[in-house]
Amino acid sequence: MTSATLVSDRIAAALSDVIDPEIGRNVVDIGLIYSAELIAEDHLLIRMTTTTRGCPATGFLVDAVRERAASEGLAQTVDVELTYDPPWSPDMMRS
Amino acid sequence: MPGAPISRWTMSYFAVSLVCLLSGLAAMGSGFGFPSGDVGAPDTLVVVHLLAIGWLGLLFCGALLQFVPVLAAARPRFASVAAPALVMLVFGLSALLAGFLSLGGRAGFDLAIMPVGAALLVSAFIALAVSYAATILSRPEIDLSGKLVLVGLVSLLVTIALGATFTGVLSGMLSTEWSAELLLRGLPVHAFSGVAGWMSITAVGVSYRLFSMFMLAPESGFSTRRLIAGLVAALAMLWVSPFAALAYPGADVAVEWIAVALFAGALFVYLSDVFRMVRSRRRKTLELNTLAGVGSLVYLLAAVVMVAMHQLFPDTLAFGPAAIYALAMGWLSGLGLAQLYKIVPFVTWLEAYGPVMGRAAVPRVQDLVRESRGRSWFILYHAGVLLGVAGLLCGAELAFHLAAWVEFAAVAGLAVELFHARRLGYAPADIRLPKGAVRPHLLFANQI
């Protein structure tokens, strides 16, 4: 198992209880987490999106993802980057 | 913080709008105004404006305060107008209704109170319209929903300009040789600009985004250009029809037919898009708000058919009033109540649980409502609307009055459900208020 995969699996577990309030499923299953990579030693960068650009839950979701990743001890510092490239679509959901 | 902020005063708008709806339904149920009175009688004007401005106007304005920044993905512009506009709308509507009651001899106010009320209403609506338009136009690209809301706002301006002019005529302050002609020709334009233009087109615009979000359907492949072109052309026909009559007597009927045909064509395009969303949705089991919202579209279709029947057979059955009733109480109110049932718990959830998400276990949005109860109230409401339409068509006043009380009971029931949602009453007790969560105020949002 590569370190990238290890991070990915641990991220999925850590974020399993961050629920998108509208859809009622966790952010990983909905496909909101685009990537999670260690960009330096103990520095994790998570790229994520939201289902709707401008959604009022955006800030809360970003904070929750950062908080969960940090509290699980995945890295010393965690940055969350919000992106809409590509924009989210329902096809990105895990069935 | 990224994303649209929570609108501080949306809940206040919603609360006042529900009070107006219940008041209007109680008045209708008690035989106040049409059909017991004449369609243009002062009592009818009271009920119509209580529902059109008090219920639907405030509902739409409150919803747009929250929704326009989401739609534009931009911070709200001139957001500080929301609270003073609400105060002006309440005082303006009260003054207008007092004027109508005085016009009918039920109160003794100077009729000048009507234009004063209209001035307050016009100022408030313009302030809000500028705020919404500035927010939408702040983005370089405007999507279908944004364009439709802009068209709706233009219709709002036409509606209130005509309405304000009418208050001048009715109060006697504006007296010219063409006053009677203005009322006769302008009244249908005022009514249809409000119901079909401002409110229906805005509702269609908002529904594109909401249906897509709630059904998890792709936001692409819509017939944007055809829909916008059809609606703008239909509105233009509606607005030139009185002038056509002045230039060529009788030409207004042909222009009205063109307007009806264009509205029907636009409706077909819209319903095709909604049908495509329903078919391609990822959320197979639809929530109550989506089901009730999509269900309200049936009235839109029925209203267009009844308007056409009214044009064809103006003296057979009350197709005209029934169409307006189906649009106001079935389509617009049905969709409005359905979306209230979603927006209130969603905003409540954000206020209460957004700040602690990821730090503690929290309920889902769906846990803040009890759909089994809500479903019963929606079924009762639509039974009332169908009874009301049938009562109007058949000239059965008692059925019409009974329908209003049935709707009153259903709306009161839904209001209680929204109260429970706002107070977190249905949230599981063990996670109702986790550490750090704040119970929202009933009538306005916390500043987060």
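All of the numbers you see were taken from the coordinates with simple rules; none came from a lab. Everything numeric in this text was worked out from a predicted model, so none of it was measured. In this analysis, Cβ positions are derived from the backbone assuming ideal geometry, glycine residues included, and neighbour counts consider all displayed protein chains.
FRET efficiency for the B:Val39 to B:Tyr248 pair, using the beta carbon distance and R₀ = 41 Å, is estimated at 0.90. Once you sort the root eigenvalues of the Cα gyration tensor of segment B:401-448 as a ≥ b ≥ c, which label holds: rounded (a/c under 1.5), prolate (a/b larger than b/c) or oblate (the other case)? Note, shape of segment B:401-448 comes out oblate. For chain B, the relative contact order comes to 16 percent (Cα pairs under 8 Å, sequence separation of at least 6). Each Lys or Arg adds one and each Asp or Glu subtracts one; over the other residues with Cβ under 12 Å from the Cβ of B:Ala410, this totals 0. Residues of chain B were split at every exposed loop site, defined as GluC sites (Glu not before Pro) in a DSSP loop with at most 10 other C-beta atoms within 10 angstrom, and the longest piece left, sites excluded, is B:178-448.
Placing dummy labels 7 Å off each Cα toward the beta-carbon, the span from B:Asp430 to A:Thr77 is 3.9 nm. The Rg/Rh ratio of segment B:219-329, with both radii computed over alpha carbons and Rh defined as the Kirkwood radius, is 1.06. Label separation (B:Arg225 vs B:Arg359): 5.1 nm, computed from points 7 Å beyond Cα along the C-beta direction.
The slack in the chain from B:Cys394 to B:Leu111, taken as 0.36 nm per residue of separation less the alpha-carbon distance, amounts to 98.3 nm.
FRET efficiency for the B:Phe268 to B:Phe313 pair, using the beta carbon distance and R₀ = 35 Å, is estimated at 0.95.
Our compactness index for chain B, the C-alpha radius of gyration over the empirical 2.2 N^0.38 Å, is 0.96. For chain A, the Kirkwood hydrodynamic radius comes to 13.3 Å, computed from all pairs of different C-alpha atoms.
Here, the protein assembly as shown yields an orientationally averaged convex hull projection of 25.6 nm² when only Cα atoms define the hull.
Relative contact order for segment A:3-92: 30 percent, from Cα pairs under 8 Å spaced at least 6 residues apart, divided by residue count.
In percent, rounded to a whole number, the relative contact order of segment B:42-128 is 34, using alpha-carbon pairs under 8 Å and six or more apart. Across peptide B:349-356, the average count of Cβ atoms from other chains found within 10 Å of a residue's Cβ is 4. Assign one of three labels to segment B:290-442, namely rounded, prolate or oblate, based on the Cα gyration tensor with a ≥ b ≥ c the square roots of its eigenvalues; rounded applies when a/c is under 1.5, prolate when it is not and a/b is larger than b/c, and oblate otherwise. Verdict is prolate for segment B:290-442.
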